Amino acid sequence: MLLDDIQALLCFARVVELGSFTRAAAALGVSKSVVSSKTSALEARLGQQLLLRTTRRVSTTAAGLRIYGHARRLAEATMLATTGASDAARGVLRLSAPVALGQLHLARPLTSFLHQSPGVRVELVLNDRLVDLVEERIDLALRITKLRDSGLIARRLAWIPLQVCASPAYLARHGRPRVPEDLMRHTCLRYSLLRAEHEWRLYGPAGRVPLEVDAGFETGFETGFETNNGLMLREAAIAGLGLAILPGFMIASSLKRGELETVLDEFAPKPLGLYAVRSGKREAPPLVKRLLEILASAFREPSWRSARS
């Protein structure tokens, strides 16, 4: 197979997996035009349309789905060829996880795993961005998300409740919101990695309650704060800068100590799933299987999620 064909198949596989030429280009470290031209060249060579392109989305044709299976296997084989063998098979396991989850809750299960696995080295990568598992040689990734079909093999480990909270000092100064509409009069701290963080989606007895919230920048509140780090968002809420939506596992200790209080408990956001995901269709290596079982056991206990769950 010609090198150009291999590159075209790899580009095509990334577009299918990520649903976007732009995201595929970022994952591959090339320009969007390169990914587009390689994919078009592949379609011309095969004489079949593989992708349906609109201004809003990219979808796969029936022929594209058939080709994708071959392209995916080629991507995995290429990665194995460049590394010599699977890291996990050689006793090195690369794990990716969100920053706060890793800092707060991974030390104990990873210690247990290493005690049971003499001679094994774990490389833990903490990052809140969506990592490319193949490109970054990640054997297993933990993701807190609403999982979408991405071609990855996923196992849900737990549900994570989300809660609106604030410090007692902030609530004493500004009052406690009783209904979602009260949030319009409060500073609502933003987590900037969410695409629609300006809209808080709460769910009550009558269903979804979407609200446009203010981080303090638009209407001249006394403060304003936005961050891409969950732990910093928690600290800003503890410091009394405003209300925040935070996962239960991140605020459990703060609720126990009285640093934070939850509000609008009957209008909570929908919980998110904690998933362990890996690439490929092959059976997971023994080390990955062992780590998966230890993580599943650790996150099965309700005490880690929230002091109130």
If we keep only residues of the stretch 262-275 that are assigned to a strand (DSSP E or B) and touching a Phe, Trp or Tyr at 6+ places or on another chain (Cβ under 9 Å), then the residue farthest from Val134 (Cα to Cα) is Leu272
Every listed condition ((1) out of contact with any Phe, Trp or Tyr (no Cβ under 7 Å at 6 or more places or on another chain); (2) modelled with pLDDT of 75 or more; (3) not β-branched (Val, Ile, Thr)) holds for Ala89 save (2)
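Filter the stretch 299-309 down to the residues that are closer than 30 Å to Gly175 by Cβ and of a type in the set (D, E, K, R), then identify the one that is modelled with the highest pLDDT. Full working, then the answer.
Our first condition is that a residue be closer than 30 Å to Gly175 by Cβ; within the stretch 299-309, this holds for 305-309.
Filter again for of a type in the set (D, E, K, R), leaving 305, 308.
Numbers: Arg305: 58, Arg308: 43.
Among those that are closer than 30 Å to Gly175 by Cβ and of a type in the set (D, E, K, R), it is Arg305.
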Worksheet item: Does Thr111 qualify as being over 26 Å from the mean Cα position of the chain (by Cα), part of a helix (DSSP H, G or I), modelled with pLDDT of 90 or more and within 29 Å of Leu140 (Cα to Cα)?
Response: no
Taking the condition loosely packed, with under 15 Cβ neighbours inside 10 Å, out of contact with any Pro (no Cβ under 6 Å at 6 or more places or on another chain) and assigned to a helix (DSSP H, G or I), does Gly64 pass? no
Of the residues in the stretch 182-224, those that are modelled with pLDDT of 60 or more, buried (at least 17 other Cβ atoms within 10 Å of the Cβ) and part of a loop (DSSP other than H, G, I, E, B) come to His186, Leu189, Val213, Gly224
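Yes or no: Gly258 at pLDDT 90 or above, among the small types (Gly, Ala, Ser), loosely packed, with under 14 Cβ neighbours inside 10 Å and farther than 30 Å from Val92 by Cα? Give the derivation first.
Numbers: at pLDDT 90 or above: yes; among the small types (Gly, Ala, Ser): yes; loosely packed, with under 14 Cβ neighbours inside 10 Å: yes; farther than 30 Å from Val92 by Cα: yes.
Taking the combined requirement at face value, the residue satisfies it.
Does Arg234 satisfy being in the same structural domain as Pro98 (by TED's automatic domain parsing), closer than 30 Å to Ala296 by Cβ and either modelled with pLDDT of 90 or more or in contact with a Pro (Cβ under 6 Å, 6 or more places away or on another chain) (or both)? Before the answer, list the steps.
Values: in the same structural domain as Pro98 (by TED's automatic domain parsing): no; closer than 30 Å to Ala296 by Cβ: yes; either modelled with pLDDT of 90 or more or in contact with a Pro (Cβ under 6 Å, 6 or more places away or on another chain) (or both): yes.
Taking the combined requirement at face value, the residue does not satisfy it.
Applying the selection to the stretch 138-147, what residues are in a loop (DSSP other than H, G, I, E, B) and modelled with pLDDT of 80 or more?
In the first step, residues of the stretch 138-147 are kept if they are in a loop (DSSP other than H, G, I, E, B); the result is 138-139, 146-147.
Within the stretch 138-147, Ile138, Asp139 qualify.
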By residue number, the members of the stretch 114-152 that are β-branched (Val, Ile, Thr) and within 30 Å of Gly69 (Cβ to Cβ) are Val125, Val131, Val134, Ile138, Ile144, Thr145
The lone condition Pro247 fails out of (1) under 17 Å from Ala97 (Cβ atoms); (2) in contact with a helix residue (DSSP H, G or I) (Cβ under 6 Å, 6 or more places away or on another chain); (3) assigned by TED's automatic domain parsing to the domain that holds Ser167 is (2)
Looking across the stretch 269-298 at residues that are more than 13 Å from Arg155 (Cβ to Cβ) and touching an Asp or Glu at 6+ places or on another chain (Cβ under 8 Å), the single one that is modelled with the highest pLDDT is Leu287
When the stretch 15-44 is checked residue by residue, the ones that are touching a residue at least 40 places away in the same chain (Cβ under 8 Å) and in contact with a helix residue (DSSP H, G or I) (Cβ under 7 Å, 6 or more places away or on another chain) are Val15, Val16, Leu18, Ala27, Leu28
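The values are calculated or read from the model by the stated rules, or taken from the named source; none is laboratory data. Since this is a predicted model, take the numbers as computed values, not measurements. Counting neighbours? That spans all protein chains shown, and the Cβs are built from the backbone with ideal geometry, glycine included.
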